[in-house]
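All remarks here apply to the structure that follows.
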């Protein structure tokens, strides 16, 4: 048998046939051997001889449902479809008696690519066995394969009632089936099921999930509101939906969800968070437009202030305090007011993870203020508490960068090397890049003077002292012409010019990088920034599209490529389709 199988797999059907015949003489009731012999006939273009063989062989295994499926398939291969269908119908309507018979026959119809006869078999099985809840999963899958979505959904809903533990499977099957061309059909079928079973939350959830996948967010929210009223969910689903809309930058719809919470559940657990999330929407909307307007950031901070004046700085408002402090420190150059806000949070009860995020931000602010001891102390607290967590890795990286800013390069490298492999990609990539900067610029320069100046310039930039940072960067060019830090310096200047909204100087620095260092680590960043400038700042669709397309040609492995492809579609007026 092994030799026969080997010849068959290698495509030597003559030799395979010979050895299978020997096996058949020893056991003429082995279905596998019978099927393989027919396939050998088929592959040798001896279909008629194969049919004669099958007719004879099947008589000896007449009790096997699959034997009759095989016999019908043999006739179909000889183009005698009428005989094939007659054999199959005789099997389905006359020979099959038990649940196992029907399941076996339907399975073999599937293996011979006959889904219609698989469906017939299962339905006849239900009729004979007087049980309409048999074969639910199998029929659901078959109907989906045949694009009969209402029928598939009916089977899946019945399956859910029979086996609630199958809900995730049903949800995955349904969501995988959704395409633009069938969305209306699926929506109609689900609406029918919701009307039929108005008291079943899981069925309505399927409808909501369908609306979310097809980006019909308005309908998703309406259905969620209906579910909230029917099932008395206290607004929890609506709140989570508002967060989901927020993540998708659907800020108006997100606010609509949070307004529902505020109106319906003034005593609920999501009442205060809903207020905060509405301001978060305002903040995110401010940052979604380019260039970023400092006056708008000030408006967001003032809105957080109004919220804190209204509700105080208790544990329900910690997020508002945290986000306000972050804006003050990094965008309004008010690190001291940010520090005072964050220190006030130490007196209230906040979950450990959120407290760790506050400590990291406090460390950043102390670093800006030149208080390295307190900065390191805050990073260390988080690192010790979350040793096996991304927060701990982030704190460790920030501590390493503090050493780098101070010129303690060996300590910085030692800290960077201890970051574990399970560190997130963003932290890992930043750690690798910082380590390479130290390594590349200390091997050939034993004095490390240029790198010390560069690290100091970066710290000045971090502390928003951009004028002094630019002066120091230029001083490196004068003192160390042609140094290996040159591309790093040009990129740092690019970031500063962008932050200062000095776009003419930013473009000059970018073009210098693209001309002299386009194959280096900043090449893709530089071209991406240039394309974004023409896109969002100059609103030049044609030029931006040209630069984006040029980017995809030059940097096919860049992390920006997914974002760029999406933006090109938007500029061309296309819509990204899920599913």
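The numbers here are math on the coordinates, done by the rules we state, and not lab data. Note that the structure is a prediction, hence the values are computed from the model and not measured. FYI the Cβ positions are ideal-geometry reconstructions off the backbone, even for glycines, and counts take in every protein chain you see.
Numbers at a glance
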{"item": "Counted residues, the range 480-515 - those being under 18 Å from residue 440 (Cα atoms) and surrounded by fewer than 17 Cβ atoms within 10 Å (Cβ to Cβ)", "result": "3"}
{"item": "Verdict on residue 60 being assigned to a helix (DSSP H, G or I) and either exposed (fewer than 13 other Cβ atoms within 10 Å of the Cβ) or in contact with a strand residue (DSSP E or B) (Cβ under 6 Å, 6 or more places away or on another chain) (or both)", "result": "yes"}
{"item": "Failed item in (1) part of a loop (DSSP other than H, G, I, E, B); (2) loosely packed, with under 13 Cβ neighbours inside 10 Å, with residue 55 passing the rest", "result": "(1)"}
{"item": "Test: residue in the range 112-121 that is out of contact with any strand residue (DSSP E or B) (no Cβ under 6 Å at 6 or more places or on another chain), under 16 Å from residue 35 (Cβ atoms) and assigned to a helix (DSSP H, G or I)", "result": "no"}
{"item": "Candidate set: the range 521-548, residues that are part of a helix (DSSP H, G or I) and free of Cβ contacts under 8 Å to residues at least 12 places away in the same chain; chosen: the one surrounded by the most Cβ atoms within 10 Å (Cβ to Cβ)", "result": "543"}
{"item": "Helices (runs of 4 or more DSSP H) contained in the range 197-303 and holding at least 3 residues touching a residue at least 40 places away in the same chain (Cβ under 8 Å)", "result": "201-213, 271-288"}
{"item": "Verdict on residue 572 being in contact (Cβ under 8 Å) with a residue 24 or more places away in the chain, loosely packed, with under 13 Cβ neighbours inside 10 Å and closer than 30 Å to residue 179 by Cα", "result": "yes"}
{"item": "So residue 412, is it closer than 23 Å to residue 476 by Cα and either part of a helix (DSSP H, G or I) or free of Cβ contacts under 8 Å to residues at least 12 places away in the same chain (or both)", "result": "yes"}
{"item": "Residue list for the range 23-38, filter: touching a helix residue (DSSP H, G or I) at 6+ places or on another chain (Cβ under 8 Å) and in a helix (DSSP H, G or I)", "result": "23, 24, 31, 33, 34, 35, 36, 37, 38"}
{"item": "Enumeration of residues in the range 338-354 that are surrounded by 15 or more Cβ atoms within 10 Å (Cβ to Cβ) and assigned to a helix (DSSP H, G or I)", "result": "338, 339, 341, 342, 345"}
